[in-house]
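The block underneath contains the structure these notes are about, expressed in structure tokens.
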Amino acid sequence: MAPISFPKGFLWGIASASYQIEGGWNEDGKGESVWDRFSHTPGKIKRGDTGDVACDFYHRYADDIGLMAELGLNAARISLSWPRIMPAGKGAVNQKGLDFYRRVVDEMLARNIQPWVTLYHWDLPQTLEDAGGWPNRDLAEYFRDYAGVVADALGDRVKHWMAFNEPWIFTILGYHLGIHAPGRHDIGDAIKATHTVNLAQGMAIKAIRESKNRPEAVGTAFSMSPVHPETGSLEDRTAAERWHRFYNKWFLDTVMHGKYPEAYLNGSVEDHVEIRAGDMDLIKAPLDFIGINLYTRAVVAHDSSDRYMGVKQVRPGGEEVTEFGWEVYPQALSEMILHVTKDYPGIPIYVTENGCSYGDGPGADGKVNDQRRVSFLRRFIAEVGHAMKAGADVRGYFLWTFTDNFEWAEGFQQRFGIVHCDFKTQRRIVKESGHWYARLARSGALDFDPVI
Ligand code: FCB
């Protein structure tokens, strides 16, 4: 099989998130976030892990960015901690927080690494959770104001922005399933939260565009998976379509078209979501690019006992899984990219997250020989190439993630990095996958045949 060549200028980056790597949880005036509170609550995180120190990126950012440059990466996705910048979520700005991100971004620019900045990767200021959290509509305005502050402060250096990381995940897992901060269990509140986040997304994007520095592109990084029906029955196929609308398009049709997709089994969206006059105009703010975070596919079946979408998730049949238990299904990536290409023609696509968890550590020779990760990446990245060949306008790939880090409710047990991190000593070792990715980033040629 001939190597797959990616175009010149294609971005080869990594993706990360503030709470998962920074540490410095209460330094230099930072306010408490919902993830600080959640991880400090016994029983919420496996083995009682917290992000208090994590990868200590707050102090080691220069070395880590240096290592990214050594590997030949030309872009990096980071997120900003809202409570580091606005400790109470609104009002006073913490200059030291802004200065930290300025230093980080300057370090990247000095090394020819393009900063791609997400405003919100889940670390809500705790004070705003105390005021009701995302179900409280007022948060949309606070988020817009925060977006304006950071775009004014960093927009001379940062040209590529994402409003949210995976809005579906933090609203549903945070407010309905209770697995993520703030750990609530109320489906009505979760749906309210999705509407506030949709409002916040549209309003923040406009605020970035109207800030004193012109952005080049503003988008969001969505959690996405192609949805497959368990069987070929009409019931399962329509269930899969409903789940696709809810999971993949709930925050995307809204921002692109000012319209919620019809995803409910009973009744229409208006029966379930309180939409006030003017809301859909605030929400609509067509994106300059669509960010796809993708790890696997979803398989679903019709389930009439679920009175909302009438859907249940089913364990996919594939035998190969990562250590997280997620099925390794590479075609999911090309399928999703082509889906987005068809539904939102003319909008550039970036893979804003893709990667896998395998726990390989240093062997006797000191090397981390994570061949399963190399195999995973090779196959998924080949699917990006296939989608491009079929006409998709994909412009970059951000691998999740650089250093192993704090994996939310799983704590430090799930290792997604291409750089091994010893959380006791903070020593970094570039894994074999990191060297492999460096070769790909330098050459732009995926010169390995998918073997497995
Ligand atoms: C995504 C998150 C990211 C990381 C990966 C494994 O859902 O955006 O923070 O946890 O999963």
- Item | Residue-span extension gain [K424 to D186] - 0.36 nm each, minus C-alpha spacing | 81.9 nm
- HN-Hα J couplings of the stretch 315-330 from phi, Karplus 6.51/-1.76/1.60, θ = phi - 60°, integer Hz, Gly and Pro as x? 5, x, x, x, 8, 8, 10, 7, 5, 6, x, 7, 4, 8, 9, x
- Query: Points 7 angstrom from Cα along the Cβ direction at R103 and E320: gap in nanometres?
  - Reply: 4.3 nm
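Of all beta bridges DSSP finds with both residues in the chain, what is the antiparallel percent, to the nearest 5?
25 percent
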- Contour minus Cα-Cα distance for R439 and K259 (0.36 nm per residue): 60.5 nm
- Got a sec to turn the phi values of the stretch 162-168 into Karplus ³J(HN,Hα) couplings, 6.51 cos²θ - 1.76 cosθ + 1.60 with θ = phi - 60°, whole Hz, x for Gly and Pro? 10, 5, 10, 9, 6, x, 4
- Item | Simple spin-label estimate for D288 and R209 in nanometres, 7 Å along Cα-Cβ | 1.1 nm
- Task: Work out how much length E27 to R157 would gain on full extension: take 0.36 nm times their residue separation and subtract the Cα-Cα distance, in nm to one decimal.
- Result: 44.4 nm
- When N is the residue count of the chain, what does its C-alpha Rg come to as a fraction of 2.2 N^0.38 Å? 0.92
- To the nearest 0.05, what FRET efficiency results for Q331 and T238 with a Förster distance of 22 Å applied to their C-beta separation? 0.45
- Using the Karplus equation 6.51 cos²θ - 1.76 cosθ + 1.60 (θ = phi - 60°), what ³J(HN,Hα) coupling, rounded to whole Hz, does each residue of the stretch 95-103 give in order, writing x for Gly and Pro? 4, 5, x, 4, 4, 4, 5, 5, 5
- Query: Amide H to amide H, which residues 5 or more places from W400 or on other chains are under 5 Å from it, using H placed in the peptide plane?
  - Reply: A15, N354, G355
- When the convex hull of its Cα atoms is projected in every direction, mean area for the stretch 15-167 (nm²): 8.9 nm²
- Item | Angstrom value of the Kirkwood radius, inverse mean 1/r, which spans all Cα pairs in the stretch 163-255 | 14.7 Å
- Model label zone, T41; criterion: amide N under 14 Å from point 7 Å along Cα-to-beta-carbon; scope the stretch 153-176: 173-176
- Message: Give me the one-decimal Kirkwood hydrodynamic radius in Å for the stretch 296-339, with the sum taken over alpha-carbon pairs.
- Response: 11.9 Å
- Message: Leaving ligands and nucleic acids out of the surface, order V105, V227 by accessible area at 1.4 Å, largest first.
- Response: V227, V105
- For the stretch 1-93 (alpha-carbon point model, no solvent) the Debye-based log₁₀ I(q)/I(0) at q = 0.18 Å⁻¹ works out to -0.89
- Item | Stokes-Einstein D in µm²/s, Kirkwood radius over Cα pairs - the stretch 309-452 at 10 °C with 1.306 mPa s viscosity | 96 µm²/s
- Query: With the other protein chains left in place, how much accessible area per residue, in square angstrom, belongs to the stretch 168-219 at a 1.4 angstrom probe?
  - Reply: 35 Å²
- Message: At 7 Å along Cα-to-Cβ for each site, give me the label-to-label distance between D393 and R307 in nm.
- Response: 4.5 nm
- List, in the order given, every pair from K90/K159; K206/K284; K159/K249; K30/K159; K367/K424; K44/K431 whose Cα-Cα distance in the structure shown is over 20 Å. K90/K159; K159/K249; K30/K159; K44/K431
- What does the charge count near K249 come to, summing +1 for each Lys or Arg and -1 for each Asp or Glu among other residues with Cβ under 13 Å from its Cβ? 0
- Query: Around Q114, which amide H atoms from residues at least 5 apart in sequence, or from another chain, sit under 5 Å from its own amide H, with H modelled in the peptide plane?
  - Reply: A75, A76
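The values are calculated or read from the model by the stated rules, or taken from the named source; none is laboratory data. In this text the structure is predicted, and so the values were computed from the model without any measurement. Please note: Cβ atoms are built from the backbone with ideal geometry, for glycine as well, and neighbour counts cover all protein chains shown. Accessible surface areas use protein heavy atoms only, side chains included; no ligands, DNA or RNA. Shrake-Rupley method; radii C 1.70, N 1.55, O 1.52, S 1.80 Å.
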